[in-house]
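The values are calculated or read from the model by the stated rules, or taken from the named source; none is laboratory data. In this text, all values refer to a predicted model and were calculated from it rather than measured experimentally. FYI the Cβ positions are ideal-geometry reconstructions off the backbone, even for glycines, and counts take in every protein chain you see.
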Amino acid sequence: MNKKLGVIVASIISSVAAMPAALAQTIYYPNTQTPQPVNINGYSGVTGILNTLLGYAYSLFFIIAMFFFLWAAFVYLTAAGNEEKIKEAKNRLMYGIIAIIVAVLAYSIPTLVGSIL
């Protein structure tokens, strides 16, 4: 049991340790323009700001969902048949699914509002 836990923890630590190197890679996209400041005069400026904020919310909820999925997997694997821990893991999995649903809603709100207006 402790050996499995050690392997899981070592896998998670090595995955997290490799993230900065993977995210630090520079990717060149030809024919791209530098982002311009958002003009907040009028309707288009407000929607631009809302789109930016909802994009951040979309990403944040997917990160939270991934955290809940990993946490649920860890609790489930270490439950050892304990019904209370298995129930806790199922709850964490449900919270992750709810986070994904909220993320999809956050991403679809601008499209929905744009089609109505």
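Data table
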quantity	calculated
Matching residues, region 91-117, being β-branched (Val, Ile, Thr) and over 14 Å from Phe62 (Cβ atoms)	Ile109, Thr111, Val113, Ile116
Counted residues, region 29-62 - those being modelled with pLDDT of 75 or more, of a type in the set (A, V, I, L, M) and farther than 10 Å from Ala103 by Cα	3
Residue satisfying all of: in region 75-90; surrounded by fewer than 15 Cβ atoms within 10 Å (Cβ to Cβ) and in contact (Cβ under 8 Å) with a residue 12 or more places away in the chain; farthest from the chain's Cα centre (by Cα) among these	Ala80
